[in-house]
Every structure is written in structure tokens, then in C-alpha cells.
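Notes for the one structure printed next.
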Amino acid sequence: MSLSQQIAQFIASGIINGTIYALLGLGLVAIHSVTRVVNVAQGEFAAFGALLAVSLMAAGLPLPVSLVAAVAAAALLGGGIHRAAIRPVRNATPLVLLIITIAVHLALKGVLLLLWGTDPYTLRPFTVGPPIRILSAVLTRQSLWVISVTAVALIVLYLFFTKTIRGKSLRACAVNPTAARLVGIRVEWMGTLAWTIAGGLGGLAGVLITPLTLATYDMGLILGLKGFVGAVVVGMASYPWTVVACILFGIVESLGTGLISSNYRDAIAFGALIVVLLWRAIATLRVGWIVSEEVAQE
Amino acid sequence: MTQRLWLLGFIVVLIITPALVTGRVSLSIFIFVGLFSLIVIGLTLLAGHAGQVSLGQAAFYGIGAYISAITTLRLGLPPVLGVMLAVTGAAFIAYLIGAPIFFLRGHFLVLGTLGLNIVVDVVIRNVQGLTGGPTGLTGIPPLSVGRTIIAGDRAYYYLIWTLVLVALWLGRNLIHSRIGRALAAIRASEVAAATLGINPAFYKARMLALSAAFAGLAGALYVHYLGFVSPSPFAFNFSIDLLVMSVLGGIAYLPGAVLGTAVLTVLREVLRTIMPRLLGTGASAEYEIVVFGLLLALVVVLAPGGIWHWLAAVLRLDAGESLSAVSPLPPPGRRVGESGATLLRVEKLQKRFGGILAVRGLSFEVKQGEIYAIIGPNGAGKTTAFNLISGVLRPTSGEIVLRDRIITHLHPYDIAGLGVARTFQTPQVFSDFTVLNNVMMGLHRSLRTGFLGAMFGLGRREDARAASEAAGYLERVGMLDRAMDRAGALPFGAQRLLELSRALATQPALLLLDEPASGLSTTERRELVHLIRQIRESGVTVLLVEHDVSLVMGLADRVLVLNYGEQIAEGTPALVRADPRVIGAYLGDDEVAS
Amino acid sequence: MTVLLQVEHLAASYGPVQAVRDVSLTVADNEVVAIIGPNGAGKTTLLSALAGLVAAAGTITFAGRHIDGIAPENVVRLGMSLVPERRQLFGSMSVRDNLLLGAYHRFGSETGDAIEHDIHAVLELFGVLNGRAGHRAGTLSGGMQQMLAIGRGLMARPRLLLMDEPLLGLAPLVIKEIMRTLRELRSRGQSILIVEQNAKAALAIADRAYVMEGGRVVLAGKAAELAEDPRVKAAYLGGHLEER
């Protein structure tokens, strides 16, 4: 393969990975914007969805049913965690909330370990067939599934947030919780909804990626972190930009891995995270000392 | 007194343990508890006191380990030197990463440190020539001092636990020092701390470096104890374990660090040996992950202070503040300044929030030695103007000049350093501090003890003198009898007074008072006026914002009236009060009512 | 005149300050009542307590029901809508969305058409907003933001509209515009309880008024009479009405 073909290939696979990270990143943004929590356990939704789908298939359910059921279960798990672990302590400091999500991460990971053990599992690709050539890159059919399903999910999310009253009220909670209360929005239930959406998105990421790589009980943390990189680059604020950032991040990671060394994959990814954080820190210095100016208004 | 007894008892137990340990239980588990305690002490100082959670301590542990291993093994340096390099190397890297990141808030450090952990892990595994890759390095020489080689479990046990005790001592000194107070102030109210001259990012970064130093030390000791090193103990999962240990023991308590580490390590051993037997499987007992997760959640929710906090309550170890008599020193006398010279100049100041121009084209001068008041109806932009002058907000355009120095874009702590002090609309006292300690925070900038000095307890004398000075400031506002009260328990008027006293302790040239009379009774207002006059007598220039027009009229030399973010009148109180535009601004225009 | 809102011996704190000490007042159907007084008198805390945003002691009866301790999300469902101090708009959302959300509690029980109809009506009422339906709320000028906030409050179809300092920081021309709107609402029979620092404007629009100072009501009566009362001016510009 010529260099340009290689690069095209890296970019293609970077986009695929970035799409997965984007699903996780979106979930993180939803949770953070509505409930002000950094969810360290976000990746566990993906792991759970993936492993559950595998088991359902193994139990004899047809593939589409398994996939949908797994995603739905992950969504319910998300909502359940909010009600069980987050809502009761919603007035705690951000530090405590963070530690609670770490606890949730540990507990979920442990449960996954108990139920599925340390073995890697795999799911067959959604459709079988030869890979497809697009421009200079060769994509497996599963990769196309990842892109198209995610695209559909993003469109659905977009419509939800911009066209439905429920979606708008969720945004309103993130923008101004006090005003949201004043118009009658039950902010706590919106928190549960945000977590449910995040769970579903995580589960979706899990079932999409499993045919491409293997699913294990501990796959969650790294995935979640990579989603976080994209989300934090754009300030955990904007859904569309989070998607763009995650995809770019996927491309950077893929190019770095391909052109430098695959052993350094995670180092490149998180080295990029550190660079981004430092860059944001320096940018903040120039803008002003208090970042949230609205808070300081008379 | 009881605390000392328990400590003594603990030390006795430490000393005799090796003699008691035989047979099944190896001394090594105690050694590891000691090693991990070192790391967790650093984490407790960072997370509990500086309020910064790090999920990267395992990385610093690993960095320290490998630095010492490589320098002693490959470069042949003496182990003691290797250890020192490990400590400084870990601290340096932490400072490099931490310093800029702390300008962000909250969760960025958590993820930055987690990212660092992963990067370090990958690098260690892959730079095989240097680190030996996944298989690691063997044949690392044990510690030695001159000709004496330190080898064997017992030696390392005593060495490491001595170091733990030293670390506890250093940590305790730090907490009770000027630095510890600054950290607690930052945790309580970063804005208030900044306006007292404290740079939060600076302190947080140094605490990260300190915690990394402790972790690096543990890493270096580890490799010389074991004689070999491999990447697996330094993975990010261990960083999470360390955080669990800290939280379990009590994230705000140093003894909790040791307690939490001991409990978790023992628990892990128990789970590893018992669980397979109980559940009848041969699988590795990583069920500990679930247990740890649940335990963490339970502790955080039910016993947020951690096991130590609970234990201390049960054993009644609360010592309480020692109320040794503090004799007040009278505050410094009148400072002589050039009366009439311009102290503060504000030029065409603007501040825009989205579609709203909160302050527009504000220009005025405050002369040395005068009492200058800004009045105007609610929403006129007064507090915004204050925030701009004190550096808490950045102006959209315009200039602010103090004496002849442009301070427009300076940080609040730098502006405080130039002699500007302020109070806030809602008093930002440090609620969990004593009244005396609050005022001592005002003296913070004038004291000299740094991190190292504080750790070795060298700031005691300076602190004692500072306490006397602080008492002097309290006496001046009539609050000396409440010096040991908890600031948060004071009535509102007293909190205002405390905040004022604290601001005066910074010996400012310019004092900004943000609605000092709001919430005060009539008597309190009278006393406030009297106090402000005294402050002016002592040479401090006062710039205040107020709603109580009659209070201002009797007090100020000159008055500026704001409305809709711009000035509509300026002059002596009498002149301004009669100005129809001013009356219209407050009561509303006749025209509008038609 | 049926009494819509009855407040008896209300006390509430704003942080560490006891901002409202002892306030009793009533608002009747089809009535505009103003609460005026200098800043720091406790007016905003009073409205916050009525809307359920801060805890309060005392009795609040609305449309015959005791509503002490009710959460804000439910207060609007009972028929009392607050236009908060400093607007509190959904800044990054459009004008239209802000209005739509104002009617949140009506979704499910009313048709989308009814709500759409009301959005049109509100945009008509506030001429300047018409044509800006798609603009982000945070980019509007102060006056337009205030109108949007009032519009959002109206979208809830409240029996009683609470307004917290709607004229705050606004230019005279804008105040005129808002006053015109308030008069329009008044003529349509909307009950309003308005807290305002700008005494002249408030008294011009209200039927009755209370003057608050230091957390208590110090004067009360018909708005027209209070407008002539010299004690009102004194309350603002010095010379306290009441020694605490």
C-alpha cells in the first residue's frame, strides 16, 4: 500500500473509532450538563451492552432483538444508577459525586467480572460480506454499520433535542435549572432521563464495536476516557462539537498509532488529552479569572 | 492528651510487630501497608486539604520507582542518590503538568492525572531499552548508606514505617501552618482567598508536586526493597485503589490515610484467600473490585468523614482548638501618604455580558485619603464595577490604573498584592475557621514561611506573632472576645465586621467595600460609619458601594451616581442629593409614570 | 373581590440574612398590587418565598389552598408564575423556545395548537420580539430580555403573575414600553403582584401598594394615595421610616 493509501486507511479507521468515542462523549455531556456529574462509569454502559448482547445471542435470540434489548437494558441501567446512586446525594460537592461515580465504576466492573469472567467475547458482524472500498480506504461492513447506526442515532438525538418539548426541557435544565423549575420542569426526573440517554448511547457503542474488537469486562474505562477527551476539549457543553472533537480525536489517535507505533496507542491518545487540557488552561488564563461570568453578574 | 497516648500506643505496636509476626503471615504485608501509606498520605494532603483529586498517584509511584531503579542499576549511582532523584523527578513532572491545569476547575485534574497514568504506563512498557519493558528490571541493589547495606524484611519494615511517621509529622506541620490555612481558605472560597493575595493554582500545583514526591519516595523504596521492578503495580487501577484507601480512611485526616490503607490492604488479602474457598471457584478473587466499589459508595454516603472520623468520635479524640492566651499587638499606626494624589483611576470601563452592557464608559478618580462612594439603584452596575477593579472580572474594554500602574488585566491576587483589599456583598468569611484565623488570612501575604519551612514546623514563631497581630485587629473592631468562635456561627453583622477586619489586616492602601451596610441594623450602621471614619484616619483610602443613601451622605467626601451602568452625577453629597437626575434615578421618572 | 393570594406573617432568609421578618399582604382577583421599597428591604426574598424557591415560615394561601413548602415546579401548576429578578432566561435557546418552555406544565393537558396560539399572542403583545422568534435569548438587549421573561411567565397562563423588579437596569424608553404592556395586561384582567424599586412606575400601574423596609411592611394603601405620600420618598432617600 502506498503511503497515501495507508493514511486514508488510518483516517477511515480513526473515523470509525471516533464515532464510538462520540457516542460515549455525548452521554458524558448529557449527564454533566444536567446533573453536573463527571461520570467515570460511562464506559461500563458500553461494556454491559456488549456483554449482554453476546449472552442474548448465545441464548438463542436473533441478532436484532439481542442488540435492541442490550441497548435498552443499558439505558435502564443508566437511569437506575441515577436514581439509586446520584439522586440521593445530589447536593453533595462535585468531589463526592465524582468519587461516587468511581464507586459505581468499580461496582459495575466487578459485577461484569462476576457474571462474565475475564474472557473476551465476540459478536458476529451484523452482516457478512466482503469489505467495501470507499475512496482509497477499505472498510469492513461492520464499520459501515457503526457509521450508519451512529448517524441515525445522532439524527434522532438532534430531533429529540430540537423538536420535542421533552428534549428542550432537558436542555433547559442544563442551561438554567432554577428557571426550569419555575416553568414546572421536574429537574430531578430530567436528571434520570439524561442518565438513561447516556446509558443507551453507551450500550449502543458497546454493541457496535464488539464485532470489530473483543468485549471484555474491563473495556469500559479506556473507552469512556476517550469519549471524555472529545467532550472536554469543547468544554462539556456542545453536543455537535463533541461529536466533531471525538471523531478528530479518533483520527489523531489512528494516525499516531499507524504512523508511529501501535504500542503507543493509548499513550498517544492520552498524551493528546493532557495537551488539550494544558491548552485549555492557558486559553482560560487569557479570558479571565472567573470562567463563568454569568455567575458574577450583579 | 488522649491523642498522644494513642499515638504512643501505635508506635509501640509498630515496634513490636516484627517480633510477633511469624509463620503464616509474612512481614511483607506490613511493609506494603507502610509503602502505600506513604503514597496515600500525599494523596490525602492533596485531595483532603487542597481539595484536588488525583487519579495518577500510581504514575508518580512508578516514575519514582523507575528513576531510582534505572539510575542505580544502569548508571551505578548510589541508591540514596537514586532515591533523591526519584523524589525530585516525580515532583518535577507533577509540577509541570499540574501548574497549568490548575487554572481550570474541578474535574480536569482528575482526568488529566488519569491520562498521565496511562501515558506513563504505556511508555514504561514500550521504552524497553531503558525500562526493560513488560518484564522489567532485576538486580536492583538494595539501599545502602556508605558501606552498610540495608537488607531484609525487618530493616525495610522499620525504615519505611519510620518514614511514614516522618511523613505524618511533616503533613501535620503543613496543615497547621500558614500554607495549610491557605489551602483550607482556597477550599472554602477561592474568590476570597484570591482577593487576599493567594494564588490558588500555585498552591494546588505545589501540593500536587508534594504528593508526587511522597509517591516517588514510596516507589524508590519499593524497588530497593524488592530488588526488581515491572510495570504492573503502576497501572491506573492502582491509582483508583489509592483513592479508595484515602476515602475509606477519611480523606481529610492524615491518620485516616494509614488506617484506610491498612484496612483495604488487609481486606484485599482476606478476599484473595477466603473468596475462592467460599465460592468454590479457582478464579482469581477480583471480586474485591465489587466489594471495594460498594464499600467506597457506602463510606462516602454514610460516613463521609471516613473510618478515622468515626473512630475518633468513638474514642473521643477530638482535641479542640488549644486556647492559649493570645496577647494582642496593636496594629501599625497611621501610614503617611500623599493626600490628594490620585490613587485609583478608572477610564472608560466597559463590561458586556452577552447582549447586556452592564458597565458602560465608566470613568472616575479616587484620591488618596478620601472616602469615595458609588451609589445608584439596583442593577446599575456597581458590584460589576467592583469586580472589575479587584480583578475578579475582566473588562471588555477600558483601563484601571492604581497609582501609576495599569492593573486592568491583572489577576485578583496580584491586585491584592499591590495594596487593594475588598469585602463582598455577602461576607465571604471562612466559615469553618475561627474568627482569629480568618483575620490571620489577611496577614497571609506578609508572612514568609514557605512549603518546606512549614513542613518542618519552622513557621511557629512567625505564626504566633501573626496571631497577636490578628488579635490586635480584632480588638480594634471590638471582636477580640470572639476570637476563638467559629466564623460561620457568628451573627450576620459580626461576619461583616470580621470580613472588614480581615481586609484591614492586609494593610491595604485602597479598601473596596461592597455594600457594607446591607443587612445591618440602625445601631450597627452607626458603628460602621464610625469605623470607616477611623479607617480613613489610619491612612487607608476607602471606595464604597452602597444603597443606603443617607449613610453615604453623612460619610463620603465625594459621591458618584450610577444608573444603567454609566455615571449620571458626581460631586459632594449635598450636591448630588439635590440633583433631580439622581432623584429620578431612584424614584423613577415622572415622564415614565404617565 | 375574591382574594387570590393571602400571605400571613411571612418570614424568610436570604442566606445568612433574615431578609423578610414579618410580612402580611393580600392580592385579589383582577388586581395589580405593587410592593415597593429600597433595595435590601426583602422584596425579592418575599417573591422567592412565594414561588417556593426559599424556605419560609408563615402562611401562604393561594386560591384557597395552603401552599407553604410547595416546590417551585408545583407552584406554577397551581396557577402562580414568577418572572424572576434578572430574567433568568434560557440564554442559549431561542426566543420561541423560551416561550414554549414557559407553557411546559400545560403540555399533556392542552393541545399544541392552543400553546402555539399563545406564543403568537405573546409575540404580538411585545412588538419588538416579533420577528426575533429564532434569535438566541442571550443576544437580546436588556429590554427585550425582560419582555421575553414576562412573556415566558405569561405562557403558563397564570392566575397570578409575580414580577420581580422587571424594570431593573432598563433605559427610560424601554421602561415606557414595558409599562404599556403592563397596562395592557391589567386591562385584560391579569392579576399581578409586582415588586419594584422604581416607585413612581410601580405606583402608576398598581391598584394598591405596600411599602417594605427592613423586612417589614411599613406603609400600605391605594397606589394613587401613596404616590403623593412624602413618606415614600423618605424611605428611599434617607430618613428611615422605622428604627429597627
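The values are calculated or read from the model by the stated rules, or taken from the named source; none is laboratory data. Worth saying up front: this structure is predicted, and the values here are computed from it rather than measured. All Cβ positions, glycine included, derive from the backbone under ideal geometry; neighbour counts span all protein chains shown.
List of remarks:
- All positions within segment A:129-171 that are among the polar types (S, T, N, Q), crowded, with 17+ Cβ neighbours inside 10 Å and out of contact with any Pro (no Cβ under 6 Å at 6 or more places or on another chain): A:S143, A:T150, A:S169
- Criterion violated by B:Q507 - all others in (1) within 14 Å of chain C (Cβ to nearest Cβ); (2) on the phi > 0 side of the Ramachandran plot; (3) of a type outside the set (G, A, S) satisfied: (1)
- Criterion: under 16 Å from the mean Cα position of the chain (by Cα) and not in a helix (DSSP H, G or I) - qualifying residue of A:V40, A:V29: A:V40
- Qualifying residue in segment A:119-137 (condition: over 30 Å from B:P304 (Cα atoms), within 14 Å of chain B (Cβ to nearest Cβ) and either assigned to a helix (DSSP H, G or I) or more than 23 Å from the chain's Cα centre (by Cα) (or both)): yes
- Restricting the search to helices (runs of 4 or more DSSP H) fully inside segment B:116-234 and requiring at least 2 residues that are crowded, with 18+ Cβ neighbours inside 10 Å gives B:153-175, B:178-188, B:190-195, B:200-226.
- Test: residue in segment B:301-314 that is modelled with pLDDT under 80, more than 8 Å from chain A (Cβ to nearest Cβ) and more than 29 Å from A:N91 (Cα to Cα): no
- Evaluating B:L8 against the criteria (1) more than 26 Å from the chain's Cα centre (by Cα); (2) touching a residue at least 12 places away in the same chain (Cβ under 8 Å); (3) over 17 Å from B:T261 (Cβ atoms) leaves one unmet condition, (2).
One line per residue, one yes/no per condition, for (1) of a type in the set (A, V, I, L, M, F, W, C); (2) in a helix (DSSP H, G or I); (3) within 14 Å of chain C (Cβ to nearest Cβ); (4) touching a Cys at 6+ places or on another chain (Cβ under 9 Å):
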| site | (1), (2), (3), (4) |
| --- | --- |
| A:V152 | yes, yes, no, no |
| A:S169 | no, yes, yes, no |
| A:C173 | yes, yes, yes, no |
| A:V207 | yes, yes, no, no |
| A:T213 | no, no, no, no |
| A:L225 | yes, yes, no, no |
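- Which numbered condition A:L95 fails, given (1) surrounded by fewer than 21 Cβ atoms within 10 Å (Cβ to Cβ); (2) modelled with pLDDT of 90 or more: (2)
- Residue list for segment C:96-150, filter: away from chain A (no Cβ under 11 Å), small (G, A, S) and in contact with a Ser or Thr (Cβ under 8 Å, 6 or more places away or on another chain): C:A133, C:G134
- Restricted to segment A:246-277, and to residues there that are more than 11 Å from every other protein chain (Cβ to nearest Cβ), surrounded by 23 or more Cβ atoms within 10 Å (Cβ to Cβ) and not polar (S, T, N, Q), the residue that is farthest from A:Y21 (Cα to Cα) is A:E253.
- Residue match in segment C:197-215 (condition: under 18 Å from C:E124 (Cβ atoms) and in contact (Cβ under 8 Å) with a residue 12 or more places away in the chain): no
- Complete set of residues in segment B:547-572 that are on the phi < 0 side of the Ramachandran plot and within 10 Å of another protein chain (Cβ to nearest Cβ): B:H547, B:D548, B:V549, B:S550, B:L551, B:V552, B:M553, B:G554, B:N563
- A:R83 under 15 Å from A:H32 (Cα atoms), more than 9 Å from chain B (Cβ to nearest Cβ), in a helix (DSSP H, G or I) and basic (K, R): no
- Qualifying residue in segment B:92-105 (condition: more than 14 Å from chain A (Cβ to nearest Cβ) and either buried (at least 24 other Cβ atoms within 10 Å of the Cβ) or not in a helix (DSSP H, G or I) (or both)): no
- The single residue among B:R496, B:R525, B:R502, B:R536 that is among the basic types (K, R), part of a helix (DSSP H, G or I) and free of Cβ contacts under 8 Å to residues at least 40 places away in the same chain turns out to be B:R525.
- When we screen A:V38, A:V104 for residues that are within 25 Å of B:V301 (Cα to Cα) and in contact with a His (Cβ under 8 Å, 6 or more places away or on another chain), the only hit is A:V38.
- Boolean, B:I415 is touching a Gly at 6+ places or on another chain (Cβ under 6 Å) and either under 19 Å from B:L511 (Cβ atoms) or within 14 Å of chain C (Cβ to nearest Cβ) (or both): yes
- Evaluation of C:K176 against (1) touching a residue at least 12 places away in the same chain (Cβ under 8 Å); (2) over 12 Å from the mean Cα position of the chain (by Cα) (one fails), failing number: (1)
- Residue match in segment B:63-80 (condition: closer than 19 Å to B:I39 by Cα, within 14 Å of chain A (Cβ to nearest Cβ) and of a type in the set (G, A, S)): no
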